[in-house]
Amino acid sequence: MARGLARQAVETLRLISEGSLTPTEHVSEVLEAVRDHEPQVRAYITLRSPGRLEAEAKEVERRLRQGRRLRLAGLLVAVKDNISTSFMPTTAGSRILSDYVPPYNATVVERVIREGSLSWA
């Protein structure tokens with residue numbers, strides 16, 4: 001399964017770099033899949049606002065048009081709920097932390113954002 005997901009990520013990045021898929025289109029495709037399957041799968045504790053993700057995807061598109069080289073341009077990345085994120089709750093699955101939004105991002109989150117990925121869950 002992980003090998004198939006890696007191929008999907010590589011293929012998505014290839015399509016974005018070629019210009020046959022935009023980060024905004026990728027966001028729309030993933031959000032549609034989440035809407036269809038998340039009620040049964042229940043894989044995520046917190047999901048970000050679709051509007052915020054679309055705005056960030058447009059920003060990545062702008063950076064790409066400027067000629068920026070972004071290794072993860074527009075790829076959506078789910079962040080485990082025990083990794084610190086300053087833009088959404090980090091609860092570690094605990095109700096006590098249900099409203100806790102850390103004051104900083106973990107290093108891994110900073111690095112994937114710097115490379116143009118979009119963190120969505």
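For this structure, a couple of remarks:
- Restriction of the trypsin sites (Lys or Arg not before Pro) in segment 19-121 to DSSP coil positions whose beta-carbon has at most 16 other beta-carbons within 10 angstrom yields R42, R68, R69, R71, K80.
- Student exercise, segment 2-119 dipole from Lys, Arg, Asp, Glu Cβ charges, in Debye to nearest 20: 400
- Given the alternatives (i) 113; (ii) 95; (iii) 173, volume of the Cα convex hull per residue in Å³ as computed for this entry is given by (i).
- Estimated FRET transfer efficiency when R0 is 22 angstrom, pair A43-V101 (beta carbons, to 0.05): 0.55
Since every read-out is calculated from the coordinates, none of them should be taken as a lab result. All of these numbers come straight from a predicted model, not from anything done at the bench. Because the Cβ atoms are built from the backbone with ideal geometry, glycine has one as well, and the counts that use them run over all protein chains shown.
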